[in-house]
1. For V52, list long-range residues whose amide hydrogen, built 1.01 Å from N in the peptide plane, is under 5 Å from its own amide hydrogen.
2. Using 7 Å Cα-to-Cβ label points, what is the D165/A102 separation (nm, one decimal)?
3. Could you run the Karplus curve 6.51 cos²θ - 1.76 cosθ + 1.60 with θ = phi - 60° over segment 201-207 and give me ³J(HN,Hα) per residue in whole Hz, x for Gly and Pro?
4. Taking 0.36 nm per residue of sequence separation and subtracting the Cα-Cα distance, how much length would be gained by fully extending the chain between D127 and A276, in nm to one decimal?
5. How large is ³J(HN,Hα) for each residue in segment 94-108, as worked out from phi by the Karplus curve 6.51 cos²θ - 1.76 cosθ + 1.60 (θ = phi - 60°), to whole Hz, x for Gly and Pro?
6. Rank the residues C53, C203 as a footprinting-exposure proxy: fewest other Cβ atoms within 10 Å of their Cβ go first.
7. Please list, in chain and number order, the residues 5+ apart from L195 or on another chain whose amide H is under 5 Å from its amide H, with Hs placed from the backbone.
8. Please enumerate, by chain and number, the lysines with C-alpha under 21 Å from the C-alpha of K129, excluding those fewer than 8 residues away in the same chain.
Amino acid sequence: MSEQQGRGVFGDRRRFLRVCAGVAVMAAARCAPAAGSGAAPSAGGSAMKKAVCHYSFHRRYAAEKWTPDRLAREVKALGIEGIDYHSRFLGTMDGMAEQVTAAVAGHGLVLSSLSLSTNFNRPKADDLKAEIETTRQWIRFAAKVKAPVSRVFGGGLGAADRKDDASRKAAWQRMLDGLAAVTKEAEACGLVLGLENHGGLPCTAEEQIDAIKTIGSPALRATVDVGNYMQGGEEGHVATALVAPYAAYVHFKDNKREGGKIVPCVLGEGVVNLAACIEALKKAGYKGFVGLEYEGTEDEATGVPKSVEALKRLVK
């Protein structure tokens, strides 16, 4: 590791501490204040909390033309306290903050996250610049609706580029450049970004931790996706234990192995050691939200309720 990597792109320890102390002040100056500004979502409380991610209902949301209120109504009916909206399915920012805020409050829920699907592995400079600007806008939106954390991705990476050292290094640097830029925006808004292991960059626990340490800001932590670690050849509970100390958010899912392929399924019907994942999070002192991200092929009308019951048994 180089000296720059060791210090992080945000500078030395003094810089890091100044950022920690100043996040709330900057939020007041530039963005609508986020709930829990400057604090990790795991702070406070005695136990982990449960949420349902927008993606769990993404097929029904599109096919049945749901609104943020309809999604909140479904989550409330499942007996879950937290809801995670996804920028891709919200679509527009125009008037949407008011809809999200009203839906969360109207159904007595807590906004666990505002998830973003970012890709900073953009070889063309103009494309990367546009991705950064769009992400900044959504970060400000997340602060406006008082999301404590926003899930982000580093970037996509094909199998051929992952195997080619030069291509991977170039992609990794583009990802770091993008993350550094949007993390500054998150600092200013009092928002924590949760970098997810999404099968591209980062994919493994080591890559996730490396990126977080390199950026070196309290505004960039991890979204631990217990099922996605399989894409990097890792056991979910082993990787979760490594990344848990950096966790700001958790996505909970299960997968099966069928014919050499990873197939999403109902929570508890796959091979991910979910109980061990929860124990690893507990051991690390995590007290934030565990969000169900159902991706199974079974109809969401039945697959999500089944998965919620499994989540309730595991997170108490």
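1. HN-HN under 5 Å from V52: G82, I83, D84, L292.
2. If labels sit at D165 and A102, their model points lie 5.8 nm apart.
3. Using θ = phi - 60°, the values come out as 10, x, 10, 9, 4, 4, 5 Hz.
4. Values: separation 149, 0.36 × 149 = 53.64 nm, distance 4.04 nm.
Full extension of this stretch gives 49.6 nm more.
5. These are the phi-based 3J(HN,Hα) values: 5, x, 7, 4, 5, 5, 5, 4, 5, 5, 5, 5, x, 10, x Hz.
6. Working: C53 27, C203 20.
Going from sparsest to densest Cβ surroundings: C203, C53.
7. V152, R221, A222, T223
8. Partners within reach: K169, K184.
Where a number appears in this text, it was derived from the coordinates with a stated rule and is not lab data. All figures in this text were calculated on a predicted structure; none of them were measured in a lab. Every residue, glycine as well, gets a Cβ built from its backbone with ideal geometry; the counts of neighbours run over all protein chains shown.
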